[in-house]
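The values are calculated or read from the model by the stated rules, or taken from the named source; none is laboratory data. Predicted model only: the values in this text are computed from it and were never measured. Quick reminder, even Gly has a Cβ in these numbers, built from the backbone with ideal geometry, and neighbours come from all protein chains shown. Protein only, heavy atoms only, side chains kept; ligands, DNA and RNA dropped before computing areas. Shrake-Rupley method; radii C 1.70, N 1.55, O 1.52, S 1.80 Å.
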Amino acid sequence: MTIPLPLQIARPTTVQAVLVRVPAGFPSPAQDSFDDGRIDLNDVLIRDVSATFILRVTGDSMEGVGIYDGDEVLVDRSLTPGDGDVVIAVIDGDFTIKTLRVHHQRVVLHPENSAYPDVEVGGLSELVVWGVVVHSIRHLRPRGRSA
């Protein structure tokens, strides 16, 4: 089992900010966009840099929440996991990403794909919630593709 290393951030990672709402349904009349300077992605995405890790997802068990094979997820280990959180769990020594469900003293790791069964954590299983997934990074254009 390989334990991921924390993010190493040497300097702010800023991008140009254009604060305008972009409809995902029907197009709306043209809006005047305005430039609002630059935003630091560290401030937007990372709450605690020393407890934040990035992991690459393999498999399709979380497609129902928009996390696909090959996506990266930002995981914050400083957060207390709760019912409904997407978590990185270690069950009997194996890493997995699932939705945490806690009902009446019963703990279930729920895949967000009906092709997979729930993983009920029984008395003989060892479960460690390694961290809470706070963001998913989806690559819409293949990496390495030139302009």
- [ ] Starting with the highest mean, order 120-131, 66-77 by the number of other Cβ atoms within 10 Å, averaged over the residues of each peptide.
- [x] 66-77, 120-131
Open item on the list: I'd like to check one number: the per residue accessible area of the stretch 98-147, probe 1.4 Å, reported in Å² as a whole number.
Closed with: 73
Task: Rounded accessible area of residue 95 (nearest 10 Å², 1.4 Å probe) - done: 70
TODO: Sort 104, 110 by accessible area with a 1.4 Å probe, largest first.
DONE: 104, 110
Open item on the list: Which residues does the label zone of residue 116 cover in the stretch 76-108, counting backbone N under 16 Å from a point 7 Å along Cα→Cβ?
Closed with: 84-101, 108
- [ ] Multiply the residue separation of residue 65 and residue 106 by 0.36 nm, subtract the distance between their alpha-carbon atoms, and state the gained length in nm to one decimal.
- [x] 12.5 nm
Open item on the list: I want the local charge near residue 46. Using Cβ-Cβ distances under 13 Å, sum +1 for each Lys or Arg and -1 for each Asp or Glu among the other residues.
Closed with: -2
Task: Compactness of the stretch 75-147 - radius of gyration and Dmax, Cα, Å - done: 14.9, 54
